[in-house]
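Nothing in this text is a laboratory measurement; each read-out follows from the coordinates by a stated rule. As the structure is a computational prediction, the values presented were derived from the model and not from experiment. Reconstructed Cβ throughout: ideal geometry from the backbone, glycine too, with neighbour counts over all protein chains shown.
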Amino acid sequence: MAATPSIAGLTNRNLFRIKFKDPYEEVHLRDETTQNIRSVVFSPKGTYLAFRTDKKAEIIKCADWSVAATIDGNYKDMFFSPLDNYFLVWEMFAMTKDNPQGKPNLHIFQSSNGEKVGSFVQKNQDGWEPKWSSDEKLLAILSNHRVLIYEDVKLDHYTHYIQAEKLQSFSISPSPAPAYYFSIFTLGKSGQPSFWRVFKYPQFDQAVVSRSSFQADKATFHWNRRGTNVFALTQTDVDKTGSSYYGKQSLSYGDVKGNAGNMSFSKEGPIHAIAWNPGNWNEWVAVYGHAPAKATLFNAKCDPLFEFGTGAWNAIYFAPEGNWVLLGGFGNIATGHISVWDVRGYKRVGECTAPDTTTLQWDPRGEAFITATTYPRLTVGNGYKIWHYSGALMHKRTCVEKENLLSISWQPGNYPKSDLSKAAPKSIEQVAPKATAAYRPPGARNRPSTFVMHEHEKPHKPGQSPATAPSKQAIKQKEKREARKARKAAERAADASPSPAAPAAPAAPRAPFVSTGDPDKDKKIKNINKKLSDIEKLKQQKAAGKTLELNQLAKINNEAALQQELAQLKL
């Protein structure tokens, strides 16, 4: 494998490869003579690159960019198995006079030579993709509310199956053999809840985890790298409360030991994104809440480890090693603000803005990332940019007239680190995020802003700053404590360093307290004596040259009245 990763891009004119080094030259892999290239995909290990047209799919070996196999057919989707050994394609299901029942439309080929190893019927394009175990020992397909499981790519018969009424989706954990786990989601009937469950293969008669919800129409599963913990993000098609346009969401968790529960966040609103750290199976990040969204780093027990604060975010991208995490705001967030954080040191290491971004991907070394504006998501402004993780712009390419960028992606693989991991290059243009003024109503535009960011909206570790805004009472108590500390410090300073001016006359010793026999009078006498004692201290501070507050001077001026009241009480 090459010493540096490559980038593959597809436009309506050609399929090209970019060498990731200055001057970032584009090398054509296919030009306009190969018409109607619809999409392109790398294999997970970076061994192959495949593209499809209206007439064929072609597999290219990345070692020398030669053709490994050509597969005829009008395919609509494709992907590789986890270890690059197999290539899967899907075409539209059709019933004809010659085949009134239809024919198989999901095909599996060997990546190295294009030899077919199996075919299946998958009528719907939504959810057609089979699921593989990470070692490719298991292949599972959802068919007619059943998960059919095949072993060792022997596709003539399945060895096990999971069957449940209204089974909608499933997932396989990335855990290594022999500890395979399956998660499934079943839609509830009228008056009955939906369920998501976890089973250990092949013991499908007893669930390791079982969670129910009356408000779940679909679910997506998020496993950590080791396959020991999983999140189920459930969502309804319609939020009947009207608080969310996309339907009500909820997040629940489980692990292979049987522990499970519901996740609650400290800010109300939608769950924009969650992602496990690929370099640390025990950490994950969530972006959640009404705008500005909040981002938090949690451990596997859902305890917060670090608060990134709030920002215009709705997406999470971890670098391959998990040392950096990128928080971005794209789609319906027009700013395209990007913030890169050091997960281990809990500090921000880079910022930039990439408006109209439709695609973002880290390079395999975690030193740079690419952003792109692609067709047909956006029909204007197509192009791509390569950024250093610090936010420095390294390369920029804008499509010319009548040219559309369809896709762009890094070649996966293991590559040695470069100097980019230690030092940021010089940016080719100024791309620092510009401060944008918040909307203010006309009546407030000529007045000073009263906006203050609360402590809980700033980056901090839990415990260093309150998780919620402090109450008025808490603020008042804090001010009193600080004033008391300042007063005592001033008194100590006054006692330690008296003014060289004429010393204040020592206070006359007070007569010992003698009870009058009336409890009410005794109480008033004690209070007045305390006030007079405080006045003596203030007089000493004034004599020492200290500037007193107005309320303190008022206390001194009230001394004569207190003395007169004390004399009357003692009669």
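For q = 0.14, 0.20 Å⁻¹, what log10 I(q)/I(0) does the range 1-102 give under the Debye formula with an equal point scatterer on each alpha carbon and no solvent?
Each listed q corresponds, in turn, to -0.58, -1.05.
Just tell me which lysines come within less than 16 Å, Cα to Cα, of LYS385; anything on the same chain fewer than 8 places away is out.
Result set, ordered by chain and number: LYS19, LYS21, LYS396, LYS426.
With Kirkwood's inverse mean 1/r over C-alpha pairs for Rh, give me the Rg to Rh ratio of the chain, two decimals please. Spell out each step's value before the answer.
Working: Rg = 34.5 Å, Rh = 29.3 Å.
Using only Cα positions, Rg/Rh for the chain is 1.18.
How far apart, in nanometres, would the label points at ALA567 and ASN282 be if each is projected 7 angstrom from Cα along the Cα-to-Cβ direction?
7.6 nm
Quick one: go through the range 193-232 and flag any residue whose amide nitrogen is under 11 Å from the point 7 Å out along the Cα-to-Cβ line of GLU321.
Output list for this probe position: empty.
How many nm separate the modelled label positions at LYS426 and VAL121, each set 7 Å beyond the Cα in the direction of the Cβ?
Result for the modelled spin labels: 6.6 nm.
Taking every pair of alpha-carbon atoms in the range 254-296, what share in percent sits in each 10 Å bin, from 0 to the bin with the longest distance?
It works out to 25, 45, 28, 2, in whole percents.
Compute the semi-axes of the equivalent ellipsoid of the range 264-372, taking the square root of 5 times each eigenvalue of the Cα gyration tensor, and list them largest first in whole Å. Intermediate values should be presented prior to the final figure.
Numbers: eigenvalues 77, 67, 24 Å².
Its equivalent ellipsoid spans semi-axes of 20, 18, 11 Å.
Per DSSP H run of at least 4 residues, take -39500 (n - 2.57); add these up for the chain, divide by its residues and hand me the 222 nm value, nearest 500 deg cm²/dmol. Walk me through the numbers on the way to the answer.
Details: 4 runs with 69 residues, N = 571.
About -4000 deg cm²/dmol.
List residues of the range 42-83, by number, whose backbone nitrogen lies under 13 Å from a label position 7 Å along Cα→C-beta of ASN99.
Within reach of a label on ASN99: 73-75.
Which peptide among 299-306, 258-265 comes first, and what is the full order, when sorted by highest mean count of other Cβ atoms within 10 Å? Could you put the intermediate results ahead of the total?
Numbers: 299-306: 14.9, 258-265: 13.2.
Per-residue Cβ counts within 10 Å, averaged per peptide and sorted highest first, yield 299-306, 258-265.
Taking the Cβ-Cβ separation of ASN36 and HIS145 as r and a Förster radius of 45 Å, what is the calculated FRET efficiency to the nearest 0.05?
Values: r = 36 Å, r/R0 = 0.81.
The formula returns an efficiency of 0.80 here.
Find which of ASN85, THR34, ASN277 sits farthest along the positive direction of the dipole of the chain, computed with +1 on the beta-carbon of Lys and Arg, -1 on that of Asp and Glu, about the Cα centre.
ASN277
Could you compute the FRET efficiency for ARG484 and THR335, with r as their C-beta to C-beta distance and R0 at 35 Å, rounded to 0.05?
Details: r = 45 Å, r/R0 = 1.28.
E between ARG484 and THR335, to the nearest 0.05, is 0.20.
Would any residue of the range 303-317 have its amide N under 14 Å from a label point 7 Å out along Cα→Cβ of LYS458? List them or say none.
Within reach of a label on LYS458, which here means backbone N under 14 Å from a point 7 Å along Cα→Cβ, the range 303-317 contributes 307-310.
Summing Lys, Arg as +1 and Asp, Glu as -1, what charge do residues with Cβ under 13 Å from the Cβ of ASN382 carry, ASN382 excluded?
On the way: positive: ARG13, ARG377, LYS385, LYS396, ARG397, LYS402; negative: ASP356, GLU401, GLU403.
Net charge in that neighbourhood comes out at +3.
Nearest 0.05, what FRET efficiency do ASN557 and ARG348 give at R0 = 51 Å with Cβ-Cβ as r?
Once rounded, the FRET efficiency stands at 0.40.
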